[in-house]
Structure formats: structure tokens, C-alpha cells
Amino acid sequence: MQTWLNKVKENPLEFLTGICILMIAASGGALRNVASSALAIIFIASLFYFKHWKHTWQGLDKAEKLLLVGFVLYTLTALLSRVNASDTHEFTKEFGRYIRFTLIIPVYLMMRMKSLRLSQYFLVGVVSSGFVYFVVALNSVIENPAFPASGHYHHITFGDAAMLNIGIMGVMLLLSGYRPIINILISISLLCASYAVLLSQARGAWVMLPLYLLAAITYLFLTRRADAIKLILISVIAAIALMLSPAGTIVKARYNDAVTEVSQFDHGVRYDTSVGGRLSMWDIAFQVWKEHPLLGTGLGDFDEDMKRYQAEGNFPNIAVHSSTHNIFVQALVSTGALGLAALFYALVISPLVLFKNTDKEVWQWSIMGAVLVSSYVVFGLSESWILRAPAVSIYLAYLILLVINTRKPEHTNT
């Protein structure tokens, strides 16, 4: 204990930043204001080092600079859409999500300059998250049994955050080589997080679970490890147990609902369902985009466009949203072709290229980075997470930490 206290006294900035990262990882998608507040604290701390930003920037490699420039371009495309936006209040509200991508740059520069050792805080937070999300999910279902588990946020945000940590823990089990007792703890946390995701009824998050399993099994087969057969057997047993549990009823019901809703939309019977509403909004979004192909209709204006199209008799009775429930369609309709290109570059292409070009000794962090980006791409197919503050904060916090770990190896002995 005394050794730990001495380390805290020697580097209070590292301790403060580490605790914030731990809290984001452990409960950012479950407890209100945790992710945004923690990231705000780190941002304020970074402002005290503004004199060193230029020097630190000059020391970054090309891939890092391109990533950060991508963030600025992404924010600028959102700002340019103001030309066509008519709802100033909604524009300001949504722009607050986009500007976080630029505001994260000082945080990255500070963490890079000070060489903060945050890996342990991050991993402890991720492993703790399974238990946190499980308890929050159970409490949520007990209080509101008729609704999906959601914690203090929307149930999709809750499910996505828990599922992301499942992917990170999977990488830890496959690549980190921890002691057996630690692996058991990670496995229990992973199972708890999985059950929380099922209770969240977030179908977009559910899609990632078989993809994670497929990736893990493929990796084990390619490395010729006998664990591949074990993982397949465990997955089959877990799937059977799931189908026989109360959560299995939820999964089957949500699957049947999705099939029915797609069929109803296809036959023009109903549009005011979860899936039907999404498909309707995407149809409207593409029509609106044709009116403003380069810069989009403007942040916050899509709900007004929906009302206009509905007044003409298109897709009656669907709920009006400013979100299209798809980050790619959202970018296209709100910020135009420029915004969609910036999104692909800043949030997908640039990070993946950066994680691909790393040394073998930081392979674990590169794989975690690939899991982060690919997960958020899949989540974005059915949810406009860019408009949800906790989702953006989690993505940015995880991304910059993982990028830094691939640039400067941090070895942990958990």
C-alpha cells in the first residue's frame, strides 16, 4: 500500500487520469455522466500543458498526425452543415457531440507528452465492467420488468458499451497470458457482461457476439491451439443454456419481432415498428440528401424533414426523430458527402491503418483497437451513436489510449 501511495504522490497526474480512464471503462455506458465528466476532467488537466502542444505535435509520427487531422476535418464538416441548418438549438446540441473529436486532441498530446502509464487502469476498468453492468442490468429489469435493461442511458448505449468490453476481455484472454486466477476472473466478468447485453435487448450489440466468437475461433485454429475445440464446445453449451434460460425467451422474441417487422415493411403494411421505422427513416434520409448532396441538410434538421415528407403522405405514423439510427446515413443526410467521407476517414480508415502498422510487441493493443473500431462500425449500422455523448466519450477515450499503447509499449504484469 505504501509503495502505491508513493507512486501516486510522485505522479498525481497519472493517478488522476488513470482513475478517470478506469471509471469510463467500468461504467461509462451504465452510470449517468461518468464518461463525459471523466473525459472533461482529463481535458481540463491537458490545458495546463498548452505550451508543450507544438513540440509534442512535432514529435508525433505521420499516422498519429493524420488521425488527429481527421478528427478536425470531421468536426469541420459538421460545422459547414450550418449553412443549411434551420434549427439553431438542435444544431448547437448535436454539434456538441462532434466538437469532442477536436477537443480530444489536447488530451492526446498531454498523455503522449507525459508518457502516462494507464494500461493497468484501463484493463482493471474493463474487467470490473462485467460485474457493474450485470448489477445495473438486474436492477433495471427488477425496477422495470417490461423494459430492456438500460442503466441511466438508452438501452442501446448500455448494450453497446457492455459488448465492447466483452470484445476487449476476449482479447485479454487470448493474447495476454495472465495467471489462471486472473483468467478465471476475466471469464466470469465476460459472462456477466454478456448477460447484461442480452437483458439490454440491443440487437445491434448482439450481432457482435457471434462475430467475436468467430474471430476467436479463427485465431485459435490459425495458431493451431487446441483451445479452439474447447471454445467451440463452450460456445455450443453456452448457446444451449441461453436458449433454456429466461434470456433465451427475450432473444427469440426479439428475433421474431425483427423478422415480422421487416416483412411488414416490405409489404407496405406497417412502418411504425422498430425495424420498419429505421428503414423508413433511411428512405427519407436518402431523398433529403439529394436536395443537399455536398453539405447535407444540417445538424438537427432531419426531424423537420421527416415531418415535411410525412405531410406529403410518405411513411405515416412513424415516430419523428432527428436521428436516422445509422451513423453512415446520419452523416450523409446531416453533413452530406463531405461529412460521410470525413466519417469514414476519421473514425474507420485512419484508426485501422494506424493499428495495422504496429510492432509485434504491441499486438495486443492493436487487436483491441481493431475490436474497438469494428464494433463501433457494426453498432453504427443500427444506431446513430455519434449523437449520444457517452458513446462518443467511450470511443474517444478507448481510441487514444489504445493508440498511445501501440506507439509506446507498456508491459503489465497483472
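The values are calculated or read from the model by the stated rules, or taken from the named source; none is laboratory data. Because the structure is a prediction, the values reported are computed rather than measured. So basically every Cβ, Gly included, is an ideal-geometry build from the backbone, and we count neighbours across all protein chains shown.
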What helices (runs of 4 or more DSSP H) lie completely within segment 83-168 and have 1 or more residues being more than 30 Å from Leu47 (Cβ to Cβ)?
119-143
Give the number of residues within segment 293-303 that are surrounded by 18 or more Cβ atoms within 10 Å (Cβ to Cβ) and at pLDDT below 90.
3
Could you list, in sequence order, the residues of segment 342-365 that are buried (at least 17 other Cβ atoms within 10 Å of the Cβ) and either of a type in the set (Lys, Arg) or more than 16 Å from the chain's Cα centre (by Cα) (or both)?
Ala342, Tyr345, Ser350, Leu354, Phe355, Thr358, Val362, Gln364, Trp365
Taking segment 54-75 and keeping residues of a type in the set (A, V, I, L, M) and buried (at least 16 other Cβ atoms within 10 Å of the Cβ) leaves Leu60, Ala63, Leu66, Leu67, Leu68, Leu73
If you take just the helices (runs of 4 or more DSSP H) that sit entirely in segment 179-222, which of them hold at least 3 residues that are modelled with pLDDT of 90 or more?
180-200
State the number of residues belonging to segment 285-328 that are under 26 Å from the mean Cα position of the chain (by Cα), more than 16 Å from Val83 (Cα to Cα) and part of a helix (DSSP H, G or I).
5
Looking only at segment 144-156, decide whether some residue is over 22 Å from the mean Cα position of the chain (by Cα) and among the aromatic types (Phe, Trp, Tyr).
yes
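For every residue, the table says whether it meets (1) touching a Pro at 6+ places or on another chain (Cβ under 9 Å); (2) among the polar types (S, T, N, Q); (3) more than 25 Å from Ile166 (Cβ to Cβ); (4) modelled with pLDDT under 95.
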{"residue": "Asp305", "(1), (2), (3), (4)": "no, no, yes, yes"}
{"residue": "Arg308", "(1), (2), (3), (4)": "no, no, yes, yes"}
{"residue": "Glu312", "(1), (2), (3), (4)": "no, no, yes, yes"}
{"residue": "His325", "(1), (2), (3), (4)": "no, no, no, yes"}
{"residue": "Ser334", "(1), (2), (3), (4)": "no, yes, yes, yes"}
{"residue": "Ala342", "(1), (2), (3), (4)": "no, no, yes, no"}
{"residue": "Lys356", "(1), (2), (3), (4)": "no, no, no, yes"}
{"residue": "Asp359", "(1), (2), (3), (4)": "yes, no, yes, yes"}
{"residue": "Gln364", "(1), (2), (3), (4)": "no, yes, no, yes"}
